[in-house]
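The values are calculated or read from the model by the stated rules, or taken from the named source; none is laboratory data. All values reported here derive from a predicted model rather than from experimental measurement. All Cβ positions, glycine included, derive from the backbone under ideal geometry; neighbour counts span all protein chains shown.
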Amino acid sequence: MMPDAVVYLVRHGRTHLNAEAVLRGHLDVALDDQGRHQAQRLGHTFGAVKVEAVISSPLLRARQTAATIAVTTRAPLTIEPRVIDRDYRDWAGLPESTLRERYGSIDAAPDIETLATFTDRITASLDDVTKRFAGRHVIVVAHDAVNRHLLASLVPAPGGDPAAITQRPGCWNRLERNGTTWTAPVVDVMPDEGTRP
């Protein structure tokens, strides 16, 4: 049975902030050399896949990754503001451990976008995307936190704790929806690992 919707959920390629292991949030940085290579590999991976659209977070690192994929798939590129990374505000650029030491968790730190607001925003966006492209394949290029929380909230397995879900820079996931049920037959795969979309 063909799924009602197929979404390839991609994490953008690496940036120097990923390499430094700090909170990125809305800091708008470009891909580094490794990230550009990862974007090229993602473009190669999806080059033969018929997709209707490549949808990207507005942040540069996601747009650069999405643009490479859009060129090889020949699919139109659309910016979707609601799949932007979680807003860590003034805490962006600091190690996650700083917030854990000071407040016990990221969620307890003041002024950060609440987890409920963040999750509502990204799930509403995905719902709208799947309605707009019902029965067709789309690629959504987003961020670590976006991908992990979407997987945790929509998919019974690997769901649960978003922190337990790995999303390496430059990875992709395949989400399928049948009716109201989501599954994730592919999670956290890198282009060079041999799995095909």
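General remarks:
- Residues (farther than 29 Å from R132 by Cβ, of a type outside the set (A, V, I, L, M) and in a loop (DSSP other than H, G, I, E, B)) located in the range 16-51: D32
- Test result for W182, among the aromatic types (F, W, Y), touching a residue at least 40 places away in the same chain (Cβ under 8 Å), surrounded by 12 or more Cβ atoms within 10 Å (Cβ to Cβ) and closer than 22 Å to V129 by Cα: no
- Taken over the range 65-98, residues that are buried (at least 20 other Cβ atoms within 10 Å of the Cβ), more than 18 Å from A124 (Cβ to Cβ) and touching a residue at least 40 places away in the same chain (Cβ under 8 Å) amount to 7.
- The C-beta contact set for the range 3-30 (first residue closer than 30 Å to G179 by Cα, second residue part of a loop (DSSP other than H, G, I, E, B) and among the aliphatic types (A, V, I, L, M), distance under 7 angstrom, 6+ apart or interchain) comprises D4/A134; A5/A134.
Matching residues to (1) farther than 27 Å from A75 by Cα; (2) without any contact (Cβ under 8 Å) to a residue 12 or more places away in the chain:
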| site | (1), (2) |
| --- | --- |
| E113 | yes, no |
| A124 | no, no |
| V129 | no, no |
| G135 | no, no |
| A145 | no, no |
| L151 | no, no |
| D161 | yes, yes |
| T166 | yes, no |
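- Qualifying position, being over 14 Å from the mean Cα position of the chain (by Cα), surrounded by fewer than 21 Cβ atoms within 10 Å (Cβ to Cβ) and within 17 Å of A5 (Cα to Cα), among E176, E193: E176
- D128 vs. criteria out of contact with any strand residue (DSSP E or B) (no Cβ under 8 Å at 6 or more places or on another chain), more than 29 Å from D32 (Cα to Cα) and modelled with pLDDT of 90 or more: yes
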